[in-house]
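J.: Provided herewith is a single structure, encoded as structure tokens, for subsequent inquiry.
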Amino acid sequence: MCGIAGLMMRDGSAPKDAVLDRLITALGHRGPDGSGRHIAGDTALLQTRLAIIDLTTGDQPLYEPGGAALVANGEIYNYIELKAAMPDTPFRTASDCEAALFLYRRDGVQYAKALRGMYSIAIHDPTAGGSLVLSRDPFGIKPLYYVETPSAFAFASEPGALIKAGLIDPKLDEEARDTFLQLQFSCGRDLPLKGIKRVLPGETLIVRQGRIVERHRLPALPQGGPEPITEAEALARLDDALRDSVRVHQRSDVPYGMFLSGGIDSSAILRIMADLNDAPVVAFTAGFDGTTVQDERSHARMLAKRLGAQHEEVSFGQKDFNQLLPRIAAAIDDPTADYAVLPSWALAERAAQDLKVVLCGEGGDELFGGYGRYRSVLRPWWMGGKSIRGKGVFDRLGVLRDVSSTWRDSIAGREASDSMDGLNRLQAAQATDCQDWLPNDLLVKLDRCLMAHGLEGRTPFLDPVVAQAAFRLPDVLKIREGRGKWILRKWLDQHLPEADAFARKRGFTVPVGAWIKSDAARLGAAVARQDCIAEIAHPDRVIALFKAADKKREGQAAWVLLFYALWHKAWIERVDPHSATTLEALEAA
């Protein structure tokens with residue numbers, strides 16, 4: 001795990017050291033264990049390292065005899081198999097990313113087809129017309145952004161690094177902002193920072209003379225509709241896939257643990273980790289003190305005790321909300337107003353005191369059909385069926401001045417594309433979520449919260465082996481009797497009956513509405529006074545919205561406006577929030 005960045009100048013000149021220094025400094029939190037750089041002609045590659053595997057000889061950049069150089073962020077889980085398949089290749093280190101470099105020499109720009117892992121990779125090849133090759137894993141677990149300026153092409157693991165290096169002035173992309181307001185995240189290649197683009201999940205870009213000349217893309221999910229398979233066959237295949245994925249995701253030369261919510265996904269990971277490890281698994285669970293909202297600490301505590309895990313409970317309350325929210329909003333430079341950023345931040349801060357790696361349950365709902373919206377997709381419209389994300393956060397609240405009619409265009413386009421690829425309705429909804437919601441919300445949240453604390457997150461469900469076992473299952477093995485993730489529940493029921501896998505979802509709701517409501521008058525007025533809010537919303541209605549934040553829809557909308565105002569303050573207005581409370585940050589000039 002690390003941060004990567006680089007430059008390719010359009011006029012053939014060498015990148016300036018001052019810019020490279022600023023990029024490395026901006027990514028220092030992602031890699032506190034060292035840094036490296038490669039400069040050749042018009043191109044520079046940079047890396048800041050968080051040492052996880054091969055602690056003594058895994059520094060980057062890496063080089064191969066043909067002259068190509070590589071920097072990478074992530075882990076390659078089939079490194080041993082790849083190395084064995086290339087016996088004549090002169091591997092010089094134990095770094096798993098070295099396999100990608102030699103695959104590139106063997107397979108050219110299609111090299112990523114052979115990789116199993118989470119990664120963002122940059123390769124500079126002086127022998128191929130000075131090409132710069134950028135690749136991102138198919139699920140988009142590892143982030144990668146780029147900007148094209150009149151003088152250079154630049155890329156980095158975080159958009160904020162491109163701003164801090166002076167490569168682009170922060171301006172607002174209003175269309176992406178409108179999508180963010182309604183969905184809590186933005187879609188596709190564009191984010192609310194104008195001019196900064198995402199390398200899409202599974203995409204490989206080829207850049208020459210500072211211009212993108214080719215794009216290739218790998219799918220995250222296996223192709224085709226549901227395949228016939230019995231329940232017993234599905235359970236056996238799932239067991240093999242989960243155990244294999246957790247095993248390779250545990251590969252580490254430093255201490256590791258996991259985040260345990262007490263839900264189906266993390267409970268399954270804990271079960272397998274307990275089987276694979278002799279020492280007690282270290283498991284962290286978040287909860288909310290001083291509120292009546294239900295959390296899952298007691299259930300997680302019981303499961304941890306049953307499996308002999310070392311259980312650590314982490315609290316997040318009203319005081320933390322007031323004091324940490326400006327810093328959290330500033331860390332999420334690609335904004336996602338997912339309130340799960342709050343417990344994720346607290347868990348990461350605590351886990352980083354003892355560990356460098358945590359396994360997490362992201363991806364289980366998307367692959368196994370866990371969300372309630374998937375059950376709605378299966379119903380015809382006259383029985384209440386509807387498209388996923390058909391309604392925006394602010395629909396019918398009367399708060400925004402102009403509710404854009406285009407905010408859902410990218411989601412609608414994705415749904416149409418997926419439905420034409422031979423997928424059934426449930427698969428198309430799952431695939432849509434895997435294209436945008438997963439990489440641009442859940443995985444951004446996970447990456448920024450963990451990397452802000454020098455912690456690597458790993459997601460065993462987001463593995464091609466698990467996707468192969470899950471995505472093409474018949475609908476009835478995903479959703480049955482009104483419950484999603486049916487086959488995963490069945491597996492957990494067999495292997496950990498105490499998890500009560502078929503119980504109705506206990507729920508995990510962060511009480512942001514209650515926290516906002518407790519100081520609604522001051523918060524609402526402070527948010528309404530922000531220029532970035534006044535230009536999109538009616539100030540008096542914003543104030544009324546905050547006073548009604550104890551209601552579900554109003555609370556969600558108030559949270560989005562509050563998060564957006566703090567994000568805008570940090571990244572568009574460039575006000576440092578790190579020593580400020582929420583109210584102080586809003587009032588800062």
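The values are calculated or read from the model by the stated rules, or taken from the named source; none is laboratory data. Since the structure is predicted, the reported quantities are computational estimates derived from the model, not experimental observations. Please note: Cβ atoms are built from the backbone with ideal geometry, for glycine as well, and neighbour counts cover all protein chains shown. Only protein heavy atoms, including side chains, enter the accessible area calculation; ligands, DNA and RNA are left aside. Shrake-Rupley method; radii C 1.70, N 1.55, O 1.52, S 1.80 Å.
J.: Can you tell me the order of 289-298, 204-213 when each peptide is scored by its average per-residue count of other Cβ atoms within 10 angstrom, highest first? Walk me through the numbers on the way to the answer.
T.: On the way: 289-298: 15.6, 204-213: 18.0.
Ranked by mean Cβ neighbours within 10 Å, highest first: 204-213, 289-298.
J.: Rg (Å, one decimal) plus Dmax (Å, integer) for the alpha carbons of the range 3-130?
T.: 14.4, 42
J.: So, one more: Could you give the alpha-carbon Rg of the range 168-281 over 2.2 N^0.38 Å, rounded to two decimals? Walk me through the numbers on the way to the answer.
T.: On the way: Rg = 20.9 Å, N = 114, 2.2 N^0.38 = 13.3 Å.
Ratio of Rg to 2.2 N^0.38 Å for the range 168-281: 1.57.
J.: Here's a follow-up. Put +1 on the Cβ of each Lys and Arg and -1 on the Cβ of each Asp and Glu in the chain; which of 51, 34, 324 then has its Cα farthest toward the positive end of the dipole?
T.: Most positive-ward Cα: 324.
J.: Further, regarding this structure: Which length gain, in nm to one decimal place, applies between residue 480 and residue 531 when the Cα-Cα distance is subtracted from 0.36 nm times their residue separation? Walk me through the intermediate numbers first.
T.: Working: separation 51, 0.36 × 51 = 18.36 nm, distance 4.87 nm.
Separation in residues times 0.36 nm, less the Cα-Cα distance, equals 13.5 nm.
J.: Could you check the spin-label model distance between residue 551 and residue 315? Points 7 Å from the Cα along Cα→Cβ, value in nm.
T.: 3.2
J.: Also, quick follow-up: Modelling each spin label as a point 7 Å along the Cα-to-Cβ direction, I'd like the residue 253/residue 289 distance in nm, to one decimal.
T.: 3.9
J.: Under the definition of Cα pairs under 8 Å and six or more residues apart, what whole-number percent is the relative contact order of the chain?
T.: Working: 1196 pairs, mean separation 88.3, N = 589.
Relative CO of the chain lands at 15 percent.
J.: What are the ³J(HN,Hα) couplings of the range 466-473, residue after residue, when phi is run through the Karplus curve with 6.51, -1.76, 1.60 and θ = phi - 60°? Round to Hz, x for glycine and proline.
T.: 3J(HN,Hα) across the range 466-473, in whole Hz: 6, 4, 5, 7, 10, 5, 9, 5.
J.: First select every other residue whose beta carbon is under 10 angstrom from the beta carbon of residue 98; then total the charges, Lys and Arg +1, Asp and Glu -1. Don't skip to the end; give the middle numbers.
T.: Working: positive: 83, 92; negative: 54, 64, 96.
Charge balance in the 10 Å sphere: -1.
J.: Follow-up. Hey, can you grab everything whose amide H is under 5 Å from the amide H of residue 220? Only 5+ residues off in sequence or another chain; H modelled, so Pro and N-termini drop out.
T.: Hits under the 5 Å cutoff: none.
J.: Spin-label point model (7 Å from Cα, Cβ direction): what's the residue 216 to residue 56 distance in nm?
T.: Label at residue 216, label at residue 56, 3.7 nm between them.
J.: Plugging the Kirkwood radius over Cα pairs into Stokes-Einstein for the range 497-589, at a temperature of 4 °C and a viscosity of 1.567 mPa s, what D comes out in µm²/s?
T.: Working: Rh = 14.3 Å.
Once the numbers are plugged in, D ends up at 91 µm²/s.
J.: Once neighbouring chains are kept in place and the probe is 1.4 Å, which whole percent of the accessible area of the chain is contributed by carbon and sulfur? Provide the component values of the computation, followed by the final result.
T.: Values: 10760 of 21520 Å².
Its accessible area is 50 percent carbon and sulfur atoms.
J.: Taking amide H positions as placed 1.01 Å from N in the peptide plane, with prolines and chain starts having none, which residues 5 or more places from residue 118, or on another chain, fall under 5 Å of its amide H?
T.: So residue 118 has HN proximity to 75, 77.
J.: For a quick check: with amide H placed at 1.01 Å from N, whose amide H comes under 5 Å from residue 152's, ignoring anything fewer than 5 positions away on the same chain?
T.: When sequence neighbours closer than 5 places are left aside, the close amide H contacts are 10.
J.: In addition: Return the tail of the calculated pair distribution for the range 146-208, meaning the percent of Cα-Cα pairs more than 19 Å apart.
T.: On the way: 646 of 1953 pairs.
In whole percent, the share of Cα-Cα pairs in the range 146-208 beyond 19 Å is 33.
J.: Pop the C-beta distance of residue 18 and residue 396 into the FRET formula with R0 = 51 Å and round what comes out to the nearest 0.05. Don't jump to the answer; show the numbers that get you there.
T.: Values: r = 51 Å, r/R0 = 1.00.
Efficiency, rounded to the nearest 0.05: 0.50.
J.: Now a separate question. Which value, in debye to the nearest 20, describes the size of the charge dipole of the chain about its Cα centre when Lys and Arg Cβ atoms bear +1, Asp and Glu Cβ atoms bear -1, and nothing else is charged? Walk me through the intermediate numbers first.
T.: On the way: 72 positive and 77 negative charges, 239 e Å.
Dipole about the Cα centre, nearest 20: 1140 debye.
J.: Counting only Cα atoms, I'd like the Rg/Rh figure for the range 224-319, Kirkwood definition for Rh. Show your work: numbers first, answer last.
T.: Values: Rg = 16.3 Å, Rh = 15.2 Å.
Dividing the radius of gyration by the Kirkwood radius yields 1.08.
J.: Hey, another quick one. Would you tally the net charge around residue 397, using a Cβ to Cβ cut-off of less than 14 Å, leaving residue 397 out, and scoring K and R as +1, D and E as -1?
T.: Numbers: positive: 391, 396, 401, 541, 547, 551, 552, 553; negative: 395, 402, 540, 554.
That works out to +4.
J.: Using a probe radius of 1.4 Å on heavy atoms only, what accessible surface per residue do you get for the chain? Whole Å² is fine.
T.: Numbers: 21520 Å² over 589 residues.
It amounts to 37 Å² per residue over the chain.
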